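Note sheet for the following structure.
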Amino acid sequence: MGLEDRLKRLRQRFAEREIDGLFVSRPENRRYLSGFDGSAGYLLITSQDTILATDFRYLEQAKRQAPSYDIFPINGDIGDWFPKLVAGLHLRQLGFEAGHITFSLYRKLSDILNRAELPLKLIPIEGLVASLRAIKEPEEIELITQAVAISDAAFEYAENTIQAGMSEPELAFEIEKFMREGGSEALPFDIIVASGPNSALPHAKPSSRTISSGEPIVIDIGARVSGYSSDLSRTIYLGNPDETFNKVYDSVLGAQLAAIAMIKEGMTGEEADKMARIVIEEAGYGGAFGHALGHGIGLASHELPRLGPNSTEPLTNGMVFTIEPGIYLTGWGGVRIEDTVVMEDGKIRVISKSRKAGR
């Protein structure tokens with residue numbers, strides 16, 4: 001499927017949302033629907049029109065990357081060009097991405113339309129394009145697979161590079177350099193290298209702390225290829241693992257393997273989360289697994305679907321997401337094991353290949 005198929009599927013949803021068109025501002029959605037990856041611009045999509053509005057810096061890029069779109073040059077304040085953008089399109093209800101446009105901008109656009117006396121109402125829309133993006137096309141899965149291969153290789157490099165006495169930022173820099181030299185675009189998120197007690201922080205940032213033997217080290221990395229991301233977490237141990245590490249690690253690994261084996265198409269995100277959570281609870285660490293089991297990944301490092309409590313959307317074939325249970329013990333550290341997976345033929349296929357055994 002190409003851009004025309006994406007636009008067709010989007011337009012089919014206009015009627016159920018009671019809108020005549022959609023004003024797209026989120027960069028990932030803009031790229032998904034047009035191919036344009038410049039850092040500034042908007043799409044206006046109606047049942048007949050596909051318009052890409054951007055400024056002088058990106059006009060030539062827009063023409064090359066979005067040849068099927070009408071290019072609308074913009075300049076100055078949005079109040080100067082937005083009425084001209086929508087004039088003549090005979091729109092009554094225009095959807096906008098409520099999760100991305102600020103309330104301040106929404107109020108400004110409403111005032112602009114009132115002053116211009118245009119009979120157009122702005123309708124807040126949530127998740128319309130995100131739900132389309134959640135089901136990946138084969139070409140998207142291939143790009144994610146390429147990004148996964150880079151992060152797999154980077155973790156193996158990190159395993160061979162890490163040694164006691166290195167600082168967390170030093171190792172993070174070595175990993176990022178390896179991935180960029182290996183073909184990754186700008187990384188989708190900041191690398192996490194968290195050692196000892198720092199690894200009890202699920203979203204720790206590399207600190208000045210020196211890595212030592214006899215403690216867990218969580219490494220969380222992702223690469224990006226043609227805009228598509230990977231996400232990988234591994235936990236290693238320098239020296240001979242102690243009893244606590246072995247118990248915690250085995251509990252997390254058991255939870256992840258159970259989830260991979262038991263999650264099937266049609267399960268909700270909440271039901272999938274329970275497949276892993278029950279294993280950790282039975283090990284006595286239920287209160288130490290405080291985040292969701294996983295999240296979708298693609299043009300954004302976190303997108304639909306969500307695998308966690310209160311997630312009622314069903315998982316379907318074509319969805320790419322992470323499975324990342326963890327246990328975090330304040331003062332000691334944590335263990336997280338994360339893979340990027342795809343739902344195919346009703347079950348999970350793991351894309352990540354790097355080994356999971358802590359050492």
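If you check Ile278 against the conditions, is it assigned to a helix (DSSP H, G or I), of a type in the set (A, V, I, L, M) and more than 22 Å from the chain's Cα centre (by Cα)?
Criteria met by Ile278.
Being under 21 Å from Met319 (Cβ atoms) and of a type outside the set (D, E, K, R) narrows it down to one of Ala98, Ala130, so name that one.
From the options Ala98, Ala130, the qualifying one is Ala130.
Just a yes or no: is a residue in the stretch 264-272 surrounded by 20 or more Cβ atoms within 10 Å (Cβ to Cβ) and either assigned to a strand (DSSP E or B) or out of contact with any Gly (no Cβ under 8 Å at 6 or more places or on another chain) (or both)?
Looking for residues that are surrounded by 20 or more Cβ atoms within 10 Å (Cβ to Cβ) and either assigned to a strand (DSSP E or B) or out of contact with any Gly (no Cβ under 8 Å at 6 or more places or on another chain) (or both), one finds none in the stretch 264-272, hence no.
Out of Pro241, Pro206, Pro169, report the one residue that is under 26 Å from the mean Cα position of the chain (by Cα) and part of a loop (DSSP other than H, G, I, E, B).
None of the other options fit; the residue is Pro206.
Restricting the search to the stretch 300-340, which residues are under 17 Å from Ala223 (Cβ atoms) and touching a Phe, Trp or Tyr at 6+ places or on another chain (Cβ under 6 Å)?
The answer is Ser301, and nothing else.
Report yes if Asp339 is in the same structural domain as Tyr228 (by TED's automatic domain parsing), assigned to a strand (DSSP E or B) and either acidic (Asp, Glu) or surrounded by fewer than 20 Cβ atoms within 10 Å (Cβ to Cβ) (or both), otherwise no.
Criteria met by Asp339.
Step by step: first the residues of the stretch 92-127, then only those that are over 16 Å from Asp20 (Cα atoms) and among the charged types (D, E, K, R), then the one that is surrounded by the fewest Cβ atoms within 10 Å (Cβ to Cβ). Which residue is that?
Filtering the stretch 92-127 for residues that are over 16 Å from Asp20 (Cα atoms) and among the charged types (D, E, K, R), the one surrounded by the fewest Cβ atoms within 10 Å (Cβ to Cβ) comes out as Glu117.
Do you know which residues across the stretch 50-93 are under 21 Å from Asp5 (Cα atoms) and either in contact with a Phe, Trp or Tyr (Cβ under 7 Å, 6 or more places away or on another chain) or charged (D, E, K, R) (or both)?
Within the stretch 50-93, Thr50, Ile51, Leu52, Ala62, Lys63, Arg64, Gln65, Ala66, Asp70 qualify.
Looking at the stretch 309-329, is at least one residue modelled with pLDDT of 95 or more, among the hydrophobic types (A, V, I, L, M, F, W, C) and assigned to a loop (DSSP other than H, G, I, E, B)?
Yes, the stretch 309-329 has at least one match.
Each row is one residue, and each column tells you yes or no for (1) touching a Leu at 6+ places or on another chain (Cβ under 8 Å); (2) in the same structural domain as Tyr237 (by TED's automatic domain parsing); (3) in contact (Cβ under 8 Å) with a residue 24 or more places away in the chain.
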site: Phe96; (1), (2), (3): yes, no, yes
site: Ser110; (1), (2), (3): yes, no, no
site: Leu113; (1), (2), (3): yes, no, yes
site: Leu118; (1), (2), (3): no, no, yes
site: Ile150; (1), (2), (3): no, yes, yes
site: Glu156; (1), (2), (3): no, yes, yes
site: Glu181; (1), (2), (3): no, yes, no
site: Glu185; (1), (2), (3): no, yes, yes
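Here is a check on your reading of the model: is Ile191 of a type in the set (Val, Ile, Thr), surrounded by 21 or more Cβ atoms within 10 Å (Cβ to Cβ) and not assigned by TED's automatic domain parsing to the domain that holds Leu7?
Yes: the conditions hold for Ile191.
Residues are listed down the side, and each one gets a yes or a no for (1) closer than 13 Å to Ile141 by Cβ; (2) without any contact (Cβ under 8 Å) to a residue 24 or more places away in the chain:
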residue: Ala283; (1), (2): no, no
residue: Ala292; (1), (2): no, yes
residue: His295; (1), (2): no, no
residue: Ser311; (1), (2): no, no
residue: Pro325; (1), (2): no, no
residue: Leu329; (1), (2): no, no
residue: Ile351; (1), (2): yes, no
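May I ask you to list the residues in the stretch 205-248 that are crowded, with 19+ Cβ neighbours inside 10 Å, within 18 Å of Arg355 (Cα to Cα) and of a type in the set (Gly, Ala, Ser)?
Of everything in the stretch 205-248, those that are crowded, with 19+ Cβ neighbours inside 10 Å, within 18 Å of Arg355 (Cα to Cα) and of a type in the set (Gly, Ala, Ser) turn out to be Gly222, Ala223, Ser230, Ser233.
Can you tell me which residues in the stretch 126-149 are at pLDDT below 95 and among the acidic types (Asp, Glu)?
Answer for the stretch 126-149, where residues must be at pLDDT below 95 and among the acidic types (Asp, Glu): just Glu126.
Residue-by-condition table, conditions (1) under 23 Å from Gly296 (Cβ atoms); (2) in contact with a strand residue (DSSP E or B) (Cβ under 8 Å, 6 or more places away or on another chain); (3) aliphatic (A, V, I, L, M):
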site	(1), (2), (3)
Glu18	no, yes, no
Gly21	no, yes, no
Val24	yes, yes, yes
Ser34	yes, yes, no
Asp49	no, yes, no
Thr54	no, yes, no
Pro67	no, no, no
Pro83	no, no, no
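Select, from Gln256, Gln163, the only residue that is surrounded by fewer than 23 Cβ atoms within 10 Å (Cβ to Cβ) and either part of a helix (DSSP H, G or I) or in the same structural domain as Ala272 (by TED's automatic domain parsing) (or both).
Gln163
When the residues of the stretch 276-325 are narrowed to those that are among the small types (Gly, Ala, Ser) and under 16 Å from Ile351 (Cβ atoms), which ends up surrounded by the most Cβ atoms within 10 Å (Cβ to Cβ)?
It comes out as Gly294.
Mind checking which pairs have a first residue in the stretch 190-204 that is without any contact (Cβ under 8 Å) to a residue 12 or more places away in the chain and a second that is among the β-branched types (Val, Ile, Thr), Cβ under 8 Å, 6 or more apart or different chains?
His203/Ile192
The values are calculated or read from the model by the stated rules, or taken from the named source; none is laboratory data. Computed from a prediction, not measured in an experiment: that's the story for all the values here. Note: ideal-geometry Cβ built from the backbone for every residue, glycine included; neighbour counts use all protein chains shown.
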